[in-house]
Amino acid sequence: MNKAIVREAASHTTPIFFGYMAIGIPLGLMVVNAGYPWWLSLVMGLFMYSGAGEYVAIGLFAAGASLAEIIITEFFVNIRHIVYGLSLIEKCRGTRIWKPFIIYWLTDETYALLCSTKIPPRAEKGPFLGTIAFLDFFYWMLGSVTGALACNVLKHFNLAQYLTGVDFALCALFAVILTGQIALGIADAKKASPGKSMLEPFVSATIGLASCTLALILYKLGLLPSSNIIFLSILMGITLIVLLRGISFYAEKGQSPRTAILIALFAMVLAAAVFAAGIFQLGQPGKMPEVTNGKLSLLFAIGAVFVCGAIIFFERAFSFILFSRKEPPPLVKFIEQYIPSMIIAILLVYCFKDINFTIFPYGLPAFAGLAFAVLVNLAVKNSMVSIFGATALYMILSAVLI
């Protein structure tokens, strides 16, 4: 590989290095802290390579979620990649053998770099863009594996008790992502129409928060198994967002709202079916063979990683395959505008499922950490500081108050 291209690409990706080390290390800690071997973080990075997706996956593995719930959740968490591909079709044209690698290594941060970086003079497009994508991938792998190995060392010296609460990094990550999505939505609304209501970007997030809160209430009342919380929340959220915004969205485009109505009805029926299946599941004694000590077995978790990896790659490649020569349908635009923040809001609320709000400290450490992550991210716009600081605050308050 041309050394000049590597140096140029490295200069563009240096901020990503620090960000991925900051976010990757807590993920590695979480993998080992959940009871899995350190090398599972390596397998997840190689075959999934999705920051938020991997955080969600390890949380679901540790909670003993079903394969169906894992697949559905990962699909919607990473659905934004379909939209990323739409704006990179022209940018990646002519990258030849590098194209599938660029698609495979396409994350939020890499997408931002590929969109904003100009090809240097005398540099080939494929090797240059591919090197940027590869370096980001390498940084992520380095961070997550470093965290996993560090956790092993801490356990060896009986220091693992100091890791209690490190999994709050997942909650902080979702808070930072959701804050950024809402801020971006407000900026886009101002740019598109100065007189437009600034409350519009909050609609999807509010629906996500409400649907998952309702699912958690059902779970706390013993009417819903924990494995069905996210699945039911997503279906209820889709029903609401399509009814409240989908019909008008299609009308604005001069098309019949029939598609939106059918999607809402289908999601509503599925939600009812998931709730009924949950009631039935609660009445069945015993546990699934793939669940051990409340978490998925290692073999089942590895299988889920491969399945999720295939889904994520499909989402990243979808637009390149289907829309390289034609305009995407309105449904894709609707997903781009409304679904991502709804899903992140659902996952944020899901992080609170094991907190007992009826006894001291009534969830105070979690709420304090969440507030810290949001306020610091708004003030300094630095995800590393927000996530690390919020996690540290949560760990300290948990140690002091509990």
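The values are calculated or read from the model by the stated rules, or taken from the named source; none is laboratory data. Just so you know, these numbers come straight off a predicted model, no measurement behind them. Ideal geometry is used to build each Cβ from the backbone, glycine not excepted, and the neighbour counts take in all protein chains shown. Side chains are part of the model used for accessible areas, which takes the heavy atoms of the whole protein and leaves out ligands, DNA and RNA. Shrake-Rupley method; radii C 1.70, N 1.55, O 1.52, S 1.80 Å.
Below is a table of values for the structure above.
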item: Accessible surface, per residue, of the stretch 227-355 when the full set of protein chains is kept, probe 1.4 Å, Å²; result: 49 Å²
item: Percent of Cα-Cα distances greater than 18 Å, calculated over the stretch 65-223; result: 75 percent
item: For the stretch 86-127 and the stretch 130-190, distance of Cα centres in Å; result: 24 Å
item: Using θ = phi - 60° and Karplus 6.51 cos²θ - 1.76 cosθ + 1.60, couplings along the stretch 199-209 (whole Hz; Gly, Pro as x); result: 7, 4, x, 8, 4, 4, 4, 5, 5, x, 4
item: Whole-Hz ³J(HN,Hα) from phi, Karplus 6.51 cos²θ - 1.76 cosθ + 1.60, for the stretch 231-243, glycine and proline x; result: 4, 5, 4, 4, 5, 5, x, 4, 4, 5, 5, 6, 5
item: Hz values of 3J(HN,Hα) by residue in the stretch 23-30 - Karplus curve (6.51, -1.76, 1.60), Gly and Pro given as x; result: 8, x, 4, x, 4, x, 4, 5
item: Cβ-Cβ FRET estimate between L401 and F202, R0 fixed at 25 Å, reported to 0.05; result: 0.20
item: Calculated over the chain: convex hull of Cα atoms, volume per residue (Å³); result: 155 Å³
item: Protection proxy ranking, peptides 200-207, 30-37, average beta carbon neighbours within 10 Å, highest first; result: 30-37, 200-207
item: Largest to smallest accessible area among W98, W105 [probe 1.4 Å]; result: W98, W105
item: Lone cysteines, the chain (no partner Cβ under 4.7 Å); result: C92, C115, C151, C212, C308
item: Burial ranking of peptide ranges 218-226, 114-122 (average Cβ count within 10 Å, highest at the top); result: 218-226, 114-122
item: Inter-label distance, nm, simple model (7 Å from Cα along the C-beta direction), R325/F157; result: 6.1 nm
item: Inter-label distance, nm, simple model (7 Å from Cα along the C-beta direction), L46/Y362; result: 5.0 nm
item: Accessible area of the stretch 1-100 belonging to carbon and sulfur atoms, whole % at 1.4 Å probe; result: 70 percent
